[in-house]
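The values are calculated or read from the model by the stated rules, or taken from the named source; none is laboratory data. Computed from a predicted structure; not experimentally measured. Cβ atoms come from the backbone with ideal geometry, glycine included; neighbour counts cover every protein chain shown. When the accessible area is computed, the model is the full protein with side chains, heavy atoms only, and any ligands, DNA or RNA have been set aside. Shrake-Rupley method; radii C 1.70, N 1.55, O 1.52, S 1.80 Å.
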Amino acid sequence: MTMSLLELIQEGREVLSGLLHSLSISISLLTRHTHSRSSGPTDDILQREDGPFAAEIGHELQKQFAILPGGRGMNGNPIIVFPEFPDFSELEEEEVQNVLSYLSSIPSVAASGVGFNLVIDRRLDRWAAVRATLLRIAGSFPGNLHLVLVLRPTTLLQRTLSDFLFKYNRDEFKMKVVMLSSVTELHAYIDPGQLTTELGGTQEYCHDSWISHRTAIEAFALMVKTTAQTLQAFGTELAETELPNDAEATINLLHTHTLKKDKMKEDLQVALSQGGRLLECINEPLQTDPEYSMTYDELENLATVQRLLGQLDETQTAFDDFWERHHTKLEQCLQLRHFEKHFREVRPQLDVTSERLSGFSEVSVSPAHAEHVLRELSSHEDKACDVLDRALSLASEGDRLIENSHYAEDSIRPKCSELRGVCEEISSTLRNKKSLLLTALELHHALEKASRWCEDGIFLLASQPVDRCQSQDGAEAALQELERYLDTAPLHTLADRSAICCQYEAVLTTQLMDQVERVFQKQISVQEMFEKRRISLKKLAAKQTRPVQPVAPRPEVKSPLSSPNQERKERRYSADNAICKKVESPIHNGGTRHASLSEEEENLAVLRRHVMNELLETERAYVEELLCVLEGYAAEMDNPAMAHLIPSTLLSKKVVLFGNMSEIYQFHKRTFLKELEAYTDCPELVGRCFLERMKDLQIYEAYCQNKPRSESLWRQCSDCAFFQECQKKLEHKLGLDSYLLKPVQRITKYQLLLKELLKYSKGCDGCDDLQEALSSILGILKAVNDSMHLIAITGYEGNLSELGRLLMQGSFSVWTEHKKGHAKVKDLARFKPMQRHLFLHQKALLFCKRREENGEGYEKAPSYSFKHSLSMSAVGFTENAKGDNKKFEIWCNSRDEVFIVQAPTPEIKTAWVNEIRKVLTQQLKACRDASQQKSSDSVFPSPNSNNTSISLSPFRSSGQKNQKKQEEKKAETSMMSDSSSSPKHKGWNKASLSVDASEENDGYSSSEDPINSDAEDEGGRKLAPGKYTVVADCEKAGPQELSVKSGDMVQLIREGEEGQWFVKNLRSSKEGWVAAANLLSLISESKSSQSLSSSDGSVSGNLSTSSSCSETYTSFSDIKP
């Protein structure tokens, strides 16, 4: 707000003007300078004087041809004395005029108005000089002349001439002139006390002292005048000054005015000090001689100086008061500008706080969601409290300004009211939302508590041992267990639906009401299940029956979920076979298989819902975390207020640091989360959602490929003030690097959740979709992992994208043999393998050397130097090399160059062999299709029409019949390879049969009849209880499964459902379940054990039988599985 200072200084200026007028009068008394009486009081002191000062005519005054000793005549006439001065006639007219004007201006106006008495001493001069002097005085004296007293020459001649000539020339002088013969006659006109000693008087006069006093008095008068003019100019400046509109300008103005004020005070102090010294000089004769009598001029000077000093003192006081008011005004202006600045800062923050607060929903879909929103709201509340405290503090500051009579009260008061109103509105909204969320959370906990009670009840029903319930004691114990559990129902279940609706009416949405209904329905269903079980158990307890051996899916093992009080999270993800497997109770007195299946379906549905809730809750939290990173870090990099905190290495590197996180967030926020929520009630069908969005999920590949660059940049700037300030604002306990890892963790989390859903969805409609979605997610993870290695290849001159899709990659020990090379080179190669990292593409196999890993985190990612490549259209391979089940051969050019490759494990070797076989089979099929196309163009195809593919094979064919036989085998092999070439590295299904090669042909051989039986033979075999030897290691995949190692002796006890066998490890004495399909490839019959029986009851061969054959595969040649 801009306003003038005129109102503030009006009163002070009036006082100051009056004092300045008084000063001007005093100065006029000292200088006798004429001025216009029509001028205003403040203009008097500012008028420019025309007359001389003592300092200006000091030289003329020093000649002493006219003096003003300070005496007075009989009527108070000022006396000017013209002492003896023989050279008076030689004085210039200007000198005489200046001195006479100056001397006539010294007495007061009143004294000057009576008229001057002139005493001309010419006793030693001639009449001619006297006459000239009188004429000159008559023509140049500026004042009013009362009387001219002349002491005529004393010589006889000159006295006679003067008497005669004076009478003759009297009228010529035009003034009253009296000729005196002696000083005695002079005393008759003027009292001797008013005359100097030269004229026979008693007055002491020192001309030099008189000049010194006059100079000092005039200098003091000029100083006072200058000070007065400065005061008036300063006051005018203040009057014309407008208050600035910003705090900085106000501070500058206050500083400038303060400096000027200090200068004014300094000038006033100097004037007062000089006036004091001048007063001491005037009073000095009195201090020396108390009897000293001052002249009229001295008394007049003394009074004037005293009055001037008094007025200066009053001026100083008035100026101090005026400055205090002006200073207060400027300080209030500065306070107002600070208040307005803080108001402009706080008000938008309140709007942002209110807007963010309105974005918090009181509606929650789950306890975790409610807790998440409540945590976010509490975090927002802490930030909001800081803003509210600032706003209320600013309002209190405004109140203090108003209490101190601030001039802008009308502007401050509405802003204070506005701040308090908005703060109250935000606080009220915050309280209401928090209250509603707490109420919703309370309802969710009640629903969760009731639902958990139902689930624990279902678990209790499912986990009761069937065989123990066949006896009367067992049935009674089970019945008591049920009764005890039902007694806990009032503490955990919901009792009154109407009471719930009334109590939580404020938060009951349609979705939440549906949850309430489902929980009540679930309670009814569980209670009905309990009632049916109670009826069955009561019948068993009432009637002793003959125990019937139950057919259990597995022997009794202590389940990790045997306690109903364990955490839900453990139940959610544990391999709980007691719930997941079908439980059949052959109770002959009313228990039906249908009831058992209904209970099991309900159990699986509960577990599916658990997994689905976990998927949705973690997805929502993931989206919130991404938004937090993008708003709290990425957006702040573009904030000008934070620019000074960003180091130079981070400038323009936002894309490097965050990758495509924004794209990932938009996909999950706008699409994926909403589509997942659509499957809340049918989690078994959520696989369709993943399949539909599988292409979109490939955006994670770009993020993961950028992660090493992001990690490197983070390590360079992790300690900078920018990240610390952002983390402080977000109140995160973890740094940005932890949140940059979230997308990598999220894409790997999906496959775990899909596995759990698949486990609990067997037999459901969406089971196939879940399996396909899991495979696709694993494919994305594999592609991401492979691409991370692929981008680290250096030295390859071609375009890697032209090699086709990367199928597999891994590290191997490699030996090379060149048959045409020197024997020593070949022998040396056998014993010194090279460590190579192999990349299998659709069109080529790359051999690279792994370089050392440096750095930390993602910077430890290795690099690979390209060494060699083989085109897949010109290679062949031998599946087993020299009896080592971890080695295989890859060769080209009719085995002129052979690479012996040793995998870390047999499982990895098998996976690579299967994948290579699949590539070569696809090439063979493509070649055969092309040949058939050519054959269809000719009526009589040439017998050598297939020469191209045959010539590339290292096998030697003996005739057309043998070739036709081989082609039939190829077709059979191609069908099998499609189902067995999935690259799996761990688990029961990944081990392959050990096949030794005993027959050599220069170290290598080929076989036409592989030992591996075909799929039909394997499907026809059955396992029988007995003891067997394990030929491959296998880790357990679940808590109830058994892990074994090669060489262990195991005993097959009994067969369960879903292809499971209960097995005991005789070495470790541990028991567990093993899939029958895995057993076929992992065990061999012990000498003391029974033989494995085939489907027709005949004894089959040992599963680990060695053969003297090895399988060899090549491009466009016979390929056997």
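Name every residue in the stretch 105-152 that is part of a helix (DSSP H, G or I), touching a Lys or Arg at 6+ places or on another chain (Cβ under 8 Å) and not aromatic (Phe, Trp, Tyr), in order of residue number.
Kept after step one, since they are part of a helix (DSSP H, G or I), are these residues of the stretch 105-152: 105, 109-114, 127-140.
Retained after the next criterion (residues that are touching a Lys or Arg at 6+ places or on another chain (Cβ under 8 Å)): 105, 109, 111-112, 127, 129-130, 133, 138.
Correct list: SER105, VAL109, ALA111, SER112, ALA129, VAL130, THR133, ALA138.
Can you tell me which of (1) at pLDDT 90 or above; (2) closer than 30 Å to CYS927 by Cα; (3) open to solvent by 30 Å² or more (accessible area, probe 1.4 Å) is the one LYS849 doesn't meet?
Among (1) at pLDDT 90 or above; (2) closer than 30 Å to CYS927 by Cα; (3) open to solvent by 30 Å² or more (accessible area, probe 1.4 Å), the lone unmet condition for LYS849 is (2).
Identify, by number, the condition in (1) farther than 30 Å from SER411 by Cβ; (2) without any contact (Cβ under 8 Å) to a residue 60 or more places away in the chain; (3) open to solvent by 40 Å² or more (accessible area, probe 1.4 Å) that GLU314 doesn't meet.
(2)
Please enumerate the residues belonging to the stretch 665-711 that are in contact (Cβ under 8 Å) with a residue 60 or more places away in the chain and under 20 Å from the mean Cα position of the chain (by Cα).
Result: SER710, GLU711.
State yes or no: is THR488 touching a Phe, Trp or Tyr at 6+ places or on another chain (Cβ under 9 Å), more than 30 Å from ALA541 (Cα to Cα) and among the hydroxyl-bearing types (Ser, Thr, Tyr)? Please lay out each step first, then the result.
Working: touching a Phe, Trp or Tyr at 6+ places or on another chain (Cβ under 9 Å): yes; more than 30 Å from ALA541 (Cα to Cα): no; among the hydroxyl-bearing types (Ser, Thr, Tyr): yes.
No.
Say whether the condition of being of a type in the set (Asp, Glu) and surrounded by fewer than 17 Cβ atoms within 10 Å (Cβ to Cβ) is met by at least one residue in the stretch 451-465.
no
Taking only the stretch 257-299 into account, find how many residues are over 29 Å from GLY235 (Cα atoms) and either surrounded by fewer than 19 Cβ atoms within 10 Å (Cβ to Cβ) or β-branched (Val, Ile, Thr) (or both). First the steps, then the outcome.
We begin by selecting, within the stretch 257-299, every residue over 29 Å from GLY235 (Cα atoms); these are 279-299.
Checking the rest, the ones that are also either surrounded by fewer than 19 Cβ atoms within 10 Å (Cβ to Cβ) or β-branched (Val, Ile, Thr) (or both) come to 279-296, 298-299.
Here the count works out to 20.
Looking at THR295, THR258, THR230, which is the one that is under 30 Å from THR328 (Cα atoms), in contact (Cβ under 8 Å) with a residue 40 or more places away in the chain and of a type in the set (Ser, Thr, Tyr)?
Answer to the selection: THR258.
Which one of these is over 30 Å from THR618 (Cβ atoms) and either free of Cβ contacts under 8 Å to residues at least 24 places away in the same chain or not aliphatic (A, V, I, L, M) (or both): SER366, SER393, SER358? Show your work before the answer.
Values: SER366 fails: over 30 Å from THR618 (Cβ atoms); SER358 fails: over 30 Å from THR618 (Cβ atoms).
One residue alone meets the criteria, SER393.
List the strands (runs of 3 or more DSSP E) that sit entirely inside the stretch 1026-1116 and contain at least 1 residues that are farther than 26 Å from PRO904 by Cα and modelled with pLDDT under 50.
Correct list: 1083-1085.
Return yes when ALA188 is open to solvent by 70 Å² or more (accessible area, probe 1.4 Å) and small (Gly, Ala, Ser) and no when it is not. If you could, list the steps in order and put the result at the bottom.
On the way: open to solvent by 70 Å² or more (accessible area, probe 1.4 Å): yes; small (Gly, Ala, Ser): yes.
Here the answer is yes, as ALA188 does meet what is asked.
Would a scan of the stretch 231-243 turn up a residue that is modelled with pLDDT of 80 or more and under 41 Å from the mean Cα position of the chain (by Cα)?
yes
Is there a residue being of a type outside the set (Phe, Trp, Tyr), within 16 Å of VAL606 (Cβ to Cβ) and surrounded by 12 or more Cβ atoms within 10 Å (Cβ to Cβ) anywhere in the stretch 504-517?
Checked against the condition, which is being of a type outside the set (Phe, Trp, Tyr), within 16 Å of VAL606 (Cβ to Cβ) and surrounded by 12 or more Cβ atoms within 10 Å (Cβ to Cβ), the stretch 504-517 yields at least one hit.
Being part of a helix (DSSP H, G or I) and modelled with pLDDT under 80 narrows it down to one of GLU298, GLU381, so name that one. Working first, answer last.
Values: GLU381 fails: modelled with pLDDT under 80.
Among GLU298, GLU381, only GLU298 is part of a helix (DSSP H, G or I) and modelled with pLDDT under 80.
How about the stretch 70-103: which of its residues are in a helix (DSSP H, G or I), touching a residue at least 40 places away in the same chain (Cβ under 8 Å) and open to solvent by less than 30 Å² (accessible area, probe 1.4 Å)?
PHE88, VAL96, VAL99, LEU100, TYR102
Working carefully through the options GLU448, GLU476, GLU425, find the one that is part of a helix (DSSP H, G or I), farther than 30 Å from VAL507 by Cβ and not hydrophobic (A, V, I, L, M, F, W, C).
Result of the check over GLU448, GLU476, GLU425: GLU476.
Working only within the stretch 663-709, note down all residues that are out of contact with any Gly (no Cβ under 6 Å at 6 or more places or on another chain), of a type in the set (Gly, Ala, Ser) and open to solvent by less than 60 Å² (accessible area, probe 1.4 Å).
Passing the criteria: only ALA702.
Against the conditions (1) in a helix (DSSP H, G or I); (2) in contact (Cβ under 8 Å) with a residue 12 or more places away in the chain, where does TYR407 fall short? Just the number, please.
(1)
Condition first: touching a residue at least 40 places away in the same chain (Cβ under 8 Å), under 15 Å from PHE459 (Cβ atoms) and either in a helix (DSSP H, G or I) or touching a Leu at 6+ places or on another chain (Cβ under 7 Å) (or both). Can you find one or more residues in the stretch 621-629 that meet it?
No.
Answer yes or no: is there a residue in the stretch 331-341 that is aliphatic (A, V, I, L, M) and closer than 30 Å to LYS433 by Cα.
No.
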